[in-house]
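Take a look at the structure below.
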Amino acid sequence: MDLKFQDKYNCNSCDTKCDSKSKNAYIFKDDVLFSEEAEDWCINRLSSTLHIQIKKAIAEAHGLPDLELVQYEKIIARVEVKAQGRAFMLVSKLLPLADLLPYETVALNLSDLERYISNYQRENVPTFLVWRVRRPCIGEGYWGQHIEILDRIYKQYGYRRRFQRKSTSSDYVDGQHKGVTVNYHFSVQELLPLEEIENSLQHLIRL
């Protein structure tokens, strides 16, 4: 898909316009299922294209990206997989200085972003974030970026791309707050198609 689609996809004239109403129920288990499907798909995809062992990070290693690319018993890269279905239709109104349009906007838990940046700086293992994006206008696909580039964008925009929503009762599971309420936002146009991420990963593999 051509990422230079600024003019092609216009939310004002869209025939399949997304709902602009705020979602008032954030079903944690549904979000987890959507992300887990994307994670499993990425494992199969990367395994078949890179011909390398792809492991899920151990549960005890809380806070690490989802996937580890392992060669000769050494982790040569990490990949975090996110899934985004719903468009942030009010992004221009709520984040007027973010330089984002609804159809192109993807989100990430702010604390996750800061943790992945810190982890990369600490261990210097190449780290990529990959989003499964599904929108009525652009369809469904996978795009990602190296954490260094995302960190650069984070520093450039600062809090202009940060948004905190109100908590709802559906954020709580067994008395614990599970829902994500503070997100940081990027544009699909700042990301790369999965094929280009795979090319970058291929260069890390020692033949």
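Quick check on packing: order 79-85, 126-132 by the mean number of other C-beta atoms within 10 Å, highest mean leading.
126-132, 79-85
By average Cβ neighbour count within 10 Å, what is the ranking of 92-104, 148-160 from highest down?
In descending order of packing, they fall as 92-104, 148-160.
Can you give the Rg to Rh ratio of the stretch 78-129, both from alpha-carbon atoms, with Rh computed by the Kirkwood formula?
Value, to two decimals: 1.07.
Determine ³J(HN,Hα), in whole Hz, for all residues of the stretch 122-136 in sequence, where each value follows from phi through the Karplus function 6.51 cos²θ - 1.76 cosθ + 1.60 and θ = phi - 60°; x replaces Gly and Pro.
Computed from phi, the couplings for the stretch 122-136 are 7, 9, 6, 9, x, 10, 10, 10, 10, 10, 8, 10, 9, 9, x Hz.
Apply the Karplus curve 6.51 cos²θ - 1.76 cosθ + 1.60, θ = phi - 60°, to the phi angles in the stretch 88-97 and return the couplings in whole Hz, x for Gly and Pro.
Once θ is set to phi - 60°, the couplings for the stretch 88-97 become 8, 5, 9, 4, 5, 7, 7, 10, x, 9 Hz.
Does the stretch 119-167 come out rounded, prolate or oblate, given a ≥ b ≥ c as the square roots of the eigenvalues of its C-alpha gyration tensor, rounded meaning a/c under 1.5 and, failing that, prolate meaning a/b above b/c?
oblate
Coordinate-derived values only; no laboratory data. Keep in mind the model is a prediction, meaning the values are calculated, not measured. Positions of Cβ are backbone-derived with ideal geometry, glycine not excepted, and every protein chain shown enters the neighbour counts.
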